[in-house]
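Bear in mind that the values in this text are calculations on the coordinates, not laboratory data. These figures come from a predicted structure and were not determined experimentally. As a convention, Cβ positions derive from the backbone with ideal geometry for all residues, glycine included, and neighbour counts pool all protein chains shown.
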Amino acid sequence: MKPFAACLLFITLGSALAAEPGAEKLPYVYTKWKQFTVKDGLPDDHIFAVKSDGDRIWVGTENGLALIDKKTAKVVKVWTEKDGLPWRAVTGIDVDPKTGDVWLALFGGGLARLSGGRFDHWHQLNSGLVNDVVYGVAVENDNVWAATTAGASRYNTVTGEWTIFTEKNAPMEEIWNYGVHYRDGKVHLAVWGSGVLEYDVKENRWKDYLDPDGEMEIDLYRDDGIIHVITTGANYVDGVLWVSSYFGACRYDGRNWRGYYNMDSGLPSDFNNNLRARSGREAWFASDKGLGAIMDAETNTWVAYTRDPKSDSGKAVVMRDKTVLETVEMGLNLPHNFIIAVDVDDRDVFVGTAKGLAWGIGEGYYSGLRERPRMLAATRRDVK
Amino acid sequence: MKRLLPLLAISVMFAADTPKKAPANEPLVPPGVEVDEHTLEVLKRILAVGPYEVPDLQLRRDTAYAKTPVDYEPYGKIKPYKEHFLEQMQYWGPGRAIPEPEDVRTVKIGFIGPIMSTVSVATGGASHEESMGIKMLQGARLAIEEANARGGYLRRKIPFELVVTNDNGLWGSSGNEIVNFAYKDHVWAILGTIDSANSHIAIRVALKAEVVVMNTGDTDPTYIETNIPWTMRCIGDDRQMGYLMVDYMIRKMDYKRIAIIRSSNRYGRFGVREIKDSARRLGRPVVIEMAYQLGKDDYSLQIDRIAEVRPDVIVHWGDAREAAIILRQLRERGMTQPFLTSDRAVSKEFLKLAGPYADGVIAGYPWNPDSNNPRLAEFRERFRKRFNDEPDTYAAHAYDGMNMLIWAIQVAGLNRARIRDILATRVKPWPGVTGDIPFSAVLDDAGEVYLAKFEGGRWRYYSREDLQIPRGYIPPRERTARGLMNPAETR
């Protein structure tokens, strides 16, 4: 075919597709889900933490730790206090990419490391851990950071040195740390009452992000900075900082802030327990009324996943700003709408709820938006 | 901190009791527990749902956060993008469907308060809140003992048990204590504490563990500004007392130059925040604010600076000891300005240290101990009989808070989420010994606050009406629903 003719055919086909009724640029929607509860071998249904680690999924619950094998989709091992887990409630998990060690934030039990089948345990009385109520843990090079209710601690796994960060040596207006995340040379702490603190590892320097209006009871302008000083999670990916809070969510690209509320986006609720960012354009929010995923930040396009409380079914609602573009009904997606933790890998999403774990399988996943026909309601019923 | 032995308040009648399962045909609420139609309807709704549903509980909605007058609103000339705390938080988790356990021999309620001396984070020396914490414990204990004398937990006829722990205050230990309450002691609700930093730590833990925390002694406004559906408070806060004090100083007395001296800890920092903001918004910005470290004996540096700016009135925010010493040092150098202070000054310690200088001192106060409330008179008598001492603010509010928890447990049964719901949705003000306690949408005590004035050798308590203190206009609509600069709504 001559180049001109090929080009003409391409344009014609393209025009025909674009003209197809219902075809528009839409985000990927997860329609295939698996669920895990106590019946499937989890030690408890109240999921506090989830971490995808290659072929494995680590699950921290209110009463034990579980390991799911992605290949078999089975719970293959469980640890409770009887099995050596130092404390029952596991609120944060991270995996050291160099050693494979699994680090656990224990809610009232300190910090633990699962290595070679053995648990090592650090707490206030045997280490420099500043408090035993640990909400989050993050591995940064040879260091392990713990976000505790009374400051942050950093443990150097090579030298054994501990460093404590509080209002004394970091810009923490309050010391109530909630979340910690490391990526691309920066540690981010989500601090209840002190916004987000950024620690530049190379420069050994702190930077704080606070609500510019300084008031608890209002957000004066949506996009003027972090939306509230009470934050629950912070993720830094592709040079973009994502923040969750009990007052909404926000995004900072290094130049501009953007706030998200239930009233102006697809965020299911302003009460967000945590978040996980997949990229600078996509982030997942663990809200008390469902799972909210902003799939394309540029166009404020969201997918909100909720479970029907009265049946074993769920739905996904695709929204741009607050306009519904598509509603996709499906079989059971989330075991519960109260979401506490979320993690993603390149394709899949893992959701810890107050009553079980959900695994969204991203067959054919694509990032951002793609031109595709709208899915018909109730046509996809992929059930476990 | 070594945990204290659980303090049981169990009368002999319970000694031989074994747990009893409630019969299937028992009434929704045990006889003898006062419950109105609204609460009964709430109970029916929360009992009807499974783990995946959330009942419609007709959540409260306020139109003005904390009854804030329009001229005290932050950024008053701008319509904010979003207002928080107007709509009541709901609990959306599955907890309501957890069945009441059968193997329960006592109904445990946690108490956390500063009852033993320790090292203070604020002072770096001796701790300073035990006198308040011990009174708080006495009030809570009396409520437990009285409930047990009435039959304990009526569904099972088993006693309530107070699980007591000290609020150490060091290294966030209150967080560890709440974890122990939730996962080791298995308490059904928690009462505490006083220090606001520790209270904040406690409620964040309680949020995750899903257990109610009733605060009866922390007046920090930000305590309930956290969107935690498990947090409530039955004592008037520093925001309300601050508004009243500014109304008194500026709207009534027309003082033009307000000076502040405060403790450098969180209590002092947050206590004066609304006073500073409100005075500025009325066009009378505070002329100086001096902070001091707790535990010092010489405040001449701060007083020198304050004297230089020639204030009309001096506001102090801190503990009783510092209030008295600063007052004495002000007066001894001839500074006669009116002295207003926080409620902690209303104490024996203040009067002892301030001596004759106490005369004329005014303090914000969260309730009226002189009220004719017969419940208060009876409470005082019972308290004296039990402890051979007078109850104070902390005792009275702890007594009210504990009775609210006990009532909710009697109505809801042994389920933490339902206990929360019953308290959070109560419409009628709680008839407390400290007065009627109505909840706001953020589950804060929205009742009246007072000014305490020391005159004629005793504290006298005055309401806004008693002193004819003007107040600003409180608009009936929220800010985002109002026009900007509507003269009718800004006067």
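Can you sort B:H200, B:H397 so the residue with the fewest Cβ neighbours within 10 Å comes first?
Ascending Cβ contact count within 10 Å gives the list B:H200, B:H397.
Just to be sure I follow: if Rg is taken over the C-alpha atoms of segment A:43-93 and Rh is the Kirkwood radius over the same atoms, what is Rg/Rh? Working shown, then result.
On the way: Rg = 10.2 Å, Rh = 10.7 Å.
A ratio of 0.95.
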Asserting the computed 222 nm helical MRE of chain B (DSSP H runs at least 4 long, -39500 (n - 2.57) per run, divided by residue count, to nearest 500) equals -9500 deg cm²/dmol
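Write down the percent of antiparallel bridges among all DSSP beta bridges whose residues are both part of the protein assembly as shown, to the nearest 5.
On the way: 152 of 182 bridges.
Roughly 85 percent of the DSSP beta bridges within the protein assembly as shown come out antiparallel.
Which of A:K71, A:K25 has the fewest other C-beta atoms within 10 Å, and how do the rest follow up to the most? If you can, show how the numbers build up before the last one.
Numbers: A:K71 9, A:K25 14.
Sorted ascending by nearby Cβ count, the order is A:K71, A:K25.
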Binning every alpha carbon pair distance of segment B:158-248 at 5 Å from zero, what are the percents per bin?
-> 3, 14, 25, 23, 16, 9, 5, 3, 1, 0
Given Cβ charges of +1 for Lys and Arg and -1 for Asp and Glu, the option among A:T99, A:N274, B:N415 whose Cα lies farthest towards the positive end of the dipole of the protein assembly as shown is B:N415
For segment B:177-323, what percent of Cα pairs sit more than 21 Å apart?
-> 51 percent
Taking only Cα atoms, what is the 0 to 90° angle, nearest 10, from helix A:3-19's long axis to the longest principal axis of chain A?
-> 80 degrees
Of all the Cα-Cα pairs you can form in the protein assembly as shown, what percent are over 55 Å apart?
-> 13 percent
Based on the alpha carbon coordinates of segment B:231-303, what radius of gyration and maximum Cα-Cα distance (Dmax) apply, in Å?
-> 13.5, 41
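Please label the shape of chain A as rounded, prolate or oblate, based on the square roots a ≥ b ≥ c of the eigenvalues of the alpha-carbon gyration tensor (a/c under 1.5 means rounded; beyond that, a/b larger than b/c means prolate, else oblate).
Values: a/c = 1.85, a/b = 1.42, b/c = 1.30.
Judged from the Cα gyration tensor, chain A comes out prolate (a/c at least 1.5, a/b above b/c).
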Just the ratio, please: alpha-carbon radius of gyration of segment A:192-313 over 2.2 N^0.38 Å, N its number of residues.
-> 1.06
Å³ per residue enclosed by the Cα convex hull of chain B | 148 Å³
In Å, the Kirkwood hydrodynamic radius from C-alpha pairs for segment B:320-413 sits at 15.6 Å
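Considering Cα pairs under 8 angstrom that are at least six residues apart, work out the relative contact order of segment A:195-261 and quote it in whole percent. Before the final figure, lay out each step's value.
Numbers: 128 pairs, mean separation 16.4, N = 67.
It comes to 25 percent, rounded to a whole number.
Within 10 Å of each Cβ in B:197-208, how many Cβ atoms from other chains are there, averaged over the peptide? Please list the in-between numbers first.
Working: counts 5, 1, 0, 7, 9, 1, 1, 9, 5, 0, 2, 11.
That works out to 4 on average.
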Bridge type composition, chain B - antiparallel percent by DSSP, nearest 5 = 35 percent
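Give the calculated FRET efficiency between A:D83 and A:D312 to the nearest 0.05, with a Förster radius of 35 Å applied to their Cβ-Cβ distance. Please report the intermediate quantities before stating the final value.
Numbers: r = 32 Å, r/R0 = 0.92.
It comes to 0.65.
Mind checking A:42-48 for the average number of partner chain beta-carbons within 10 Å of each residue's beta-carbon? Provide the component values of the computation, followed by the final result.
Values: counts 0, 0, 0, 2, 6, 0, 1.
Mean partner shielding for this stretch: 1.
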Given labels modelled 7 Å from the Cα in the Cβ direction, how far is it in nm from B:K77 to B:R310?
-> 3.0 nm
quick shape note, segment B:244-372: Cα extents on principal axes in Å, largest first -> 44, 37, 28
Projected label distance in nm at A:N156 and B:E349, using a 7 Å step from Cα toward the beta-carbon | 4.3 nm
Give the calculated FRET efficiency between A:R183 and A:E298 to the nearest 0.05, with a Förster radius of 30 Å applied to their Cβ-Cβ distance.
-> 0.90
Would you tell me the mean number of C-beta atoms belonging to other protein chains that fall within 10 Å of each C-beta in B:290-302, as a whole number?
-> 0
What's the angle, to the nearest 10 degrees (0 to 90), between helix B:130-149's Cα axis and the longest principal axis of chain B?
-> 30 degrees
On average over all directions, what projected area in square nanometres does segment B:50-134 have, based on the convex hull of its Cα atoms?
-> 11.9 nm²
In degrees rounded to 10, the 0-90 angle between helix B:196-209 Cα long axis and the longest Cα principal axis of chain B is 30 degrees
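What share of Cα pairs, in percent, lie more than 15 angstrom apart in segment A:22-61?
59 percent
Place the peptides B:187-193, A:189-195, B:321-327 in order of packing, highest mean first, counting for every residue the other Cβ atoms within 10 Å and averaging per peptide. Walk me through the numbers before you get to the answer.
Values: B:187-193: 29.0, A:189-195: 26.4, B:321-327: 24.0.
The densest-packed peptide leads the list: B:187-193, A:189-195, B:321-327.
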Taking a 28 Å limit on the Cα-Cα distance, which of the listed pairs A:K355/B:K184; A:K39/A:K71; A:K207/A:K322 fall beyond it?
-> A:K207/A:K322
Tell me the label-point distance for the pair A:S115, A:A23, using the 7 Å Cα-to-Cβ offset, in nm and rounded to one decimal.
-> 5.6 nm
Neighbour-count ranking for A:S127, B:S196 (other C-beta within 10 angstrom, fewest to most) reads A:S127, B:S196
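With +1 on each Lys and Arg Cβ and -1 on each Asp and Glu Cβ, and nothing else charged, work out how big the dipole of chain A is about its Cα centre, in Debye to the nearest 20. Don't jump to the answer; show the numbers that get you there.
Numbers: 44 positive and 54 negative charges, 296 e Å.
For chain A, the charge dipole is close to 1420 debye.
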